[in-house]
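Down below is the structure, laid out as structure tokens.
What follows draws every value from the coordinates through simple rules; no lab data is involved. These figures come from a predicted structure and were not determined experimentally. All Cβ positions, glycine included, derive from the backbone under ideal geometry; neighbour counts span all protein chains shown.
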Amino acid sequence: MPDASAPNGAAPLPLALRRLHWASAALLVAMFALAWTFEALGPSDLGAALVDWHRSFGLLLLAVVIARLVWRLTHKVEPIPPGIPAWERWLAAAVQGALYLLLVAMPLLGWAASAATGDVVRAFGLPLPEILPMDEDLGDRLFQIHGTLAWVLLALVALHVAGAVRHHFVHRDGLLARMRIG
Ligand code: HEM
């Protein structure tokens, strides 16, 4: 049933999916804010506490993204309205697929790198299994990949947001209403 606030009939996606989407977006903002702050602080008590929060929120983000993927794979969602060119549909799908992939890979890499450097990874105080044996060199390499992929993730998020903003302000096709918060 088309929504009145969406001029071209872009009805909102189901509420559960929208909530999971905005929860992952908020957690992602927190991840970068925490990471850039503890990197800027360097070794310190506050820095170590922020690394702990970064790990906890990153693992929560992993749980949210897995819930999103399970939801997507078990439910049918309304296709985007017709009239959007094939190249744009393809690009949007490719960016969304890559975002899902990185949102799963980044937390696993952070967890594996932390374990390899000998740290006990805790999620909100709860110790988690060591998913790799201690190996400092491997840990350093995994952290390098974690840091590089963070920039790739940021670039993909920028493309994703640019696409949404373009539809909202240039095409004015109400597509953004599919993901509205309330
Ligand atoms: C999508 C989720 C995540 C994002 C976007 C993310 C992002 C980042 C970024 C941007 C940095 C700074 C990299 C640099 O400047 O070199 C960083 C560092 C770090 N991340 Fe994550 N991270 C995520 C998940 C995790 C998880 C789940 C863990 C651990 C369980 C983790 C552990 C760490 C640690 C320990 C560092 C510091 C590495 C160092 O010593 O240089 N991250 N992360």
Exercise. If you average 1/r over every pair of different alpha-carbon atoms in the chain and take one over that average, what Kirkwood value in Å do you get?
Worked result: 18.1
Exercise. How big is the Rg/Rh ratio for region 72-157, C-alpha atoms only, Rh by Kirkwood, two decimals?
Worked result: 1.15
Exercise. With labels modelled as points extended 7 Å from the Cα through the Cβ direction, what inter-label distance (nm, one decimal) is found for GLU39 paired with ASP135?
Worked result: 2.5
Problem set entry | Residue order, fewest to most beta carbons within 10 Å, for PHE32, PHE169 | PHE169, PHE32
Exercise. Using the Karplus equation 6.51 cos²θ - 1.76 cosθ + 1.60 (θ = phi - 60°), what ³J(HN,Hα) coupling, rounded to whole Hz, does each residue of region 174-180 give in order, writing x for Gly and Pro?
Worked result: x, 4, 4, 4, 4, 10, 5
Exercise. Most exposed first by the Cβ proxy, i.e. fewest other Cβ within 10 Å, how do ASP173, ASP140, ASP119 rank?
Worked result: ASP140, ASP119, ASP173
Exercise. In which sequence would LEU102, LEU91 go, from the one with the fewest C-beta neighbours within 10 Å to the one with the most?
Worked result: LEU91, LEU102
For this session: Return the loop-located trypsin sites (Lys or Arg not before Pro) in region 105-179 (DSSP other than H, G, I, E, B) with at most 11 other Cβ atoms within 10 Å of their own Cβ; answer none if there are none.
Result: ARG172
For this session: Name the long-range amide H neighbours of ALA123: under 5 Å, sequence gap of 5 or more, or other chain; modelled H, no Pro or chain starts.
Result: LEU128
